[in-house]
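Some notes on the structure that comes next.
The values are calculated or read from the model by the stated rules, or taken from the named source; none is laboratory data. Since this is a predicted model, take the numbers as computed values, not measurements. Here the Cβ positions follow ideal geometry from the backbone for every residue, glycine too, while neighbour counts run over all protein chains shown. Surface accessibility is based on the protein's heavy atoms, side chains included, excluding ligands, DNA and RNA. Shrake-Rupley method; radii C 1.70, N 1.55, O 1.52, S 1.80 Å.
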Amino acid sequence: RMLTGGHCHRGVDFVDVDVAEAVRRIDERFAFAGITERFAASVMDFRALVGARGAAPPAAFARSNPQRGGARGERLERTVMRILDRLGLEDEVDEAVYAAALRKNEETRRRPLARPPS
């Protein structure tokens with residue numbers, strides 16, 4: 001919802017045009033998309049993209065939300081995936097948006113500027 005200009009808390013049903021618009025905005029308007037599964041690399045890529053010098057401070061890699069990540073987050077993610085698989089459910093909106101974010105992340109990583117400084 002927020003990618004298409006809406007608010008995350010509004011109960012609006014998505015239609016294909018909304019998904020296409022979200023994907024288009026990622027493709028055309030985002031300079032960078034960090035990926036949680038590639039968190040450390042995403043931090044370094046973003047720092048390189050904006051021209052940050054030197055080593056990233058430890059705080060850049062800290063988890064600010066204790067409900068996410070770590071062993072607890074991984075267990076929760078595995079549980080959710082098992083339930084979705086068992087029920088044969090797919091989140092088509094999430095899949096499309098995530099695929100666009102992955103493409104943007106790979107595009108950024110291919111740029112010479114997006115390499116961590118040595």
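Observations
- Take the conditions (1) at pLDDT 85 or above; (2) assigned to a loop (DSSP other than H, G, I, E, B); GLN67 misses just one of them, which is (1).
- Of all residues making up the range 15-41, the number that are more than 23 Å from VAL93 (Cα to Cα) and open to solvent by less than 50 Å² (accessible area, probe 1.4 Å): 1
- Taking the criterion of being modelled with pLDDT under 90, open to solvent by 70 Å² or more (accessible area, probe 1.4 Å) and part of a helix (DSSP H, G or I), the residues of the range 83-97 that qualify are ASP85, GLU92, ASP94, GLU95.
Conditions tested, residue by residue: (1) in a helix (DSSP H, G or I); (2) over 18 Å from THR4 (Cβ atoms); (3) in contact (Cβ under 8 Å) with a residue 12 or more places away in the chain.
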{"position": "VAL19", "(1), (2), (3)": "yes, no, yes"}
{"position": "ARG25", "(1), (2), (3)": "yes, no, yes"}
{"position": "GLU37", "(1), (2), (3)": "yes, yes, no"}
{"position": "ALA56", "(1), (2), (3)": "no, yes, yes"}
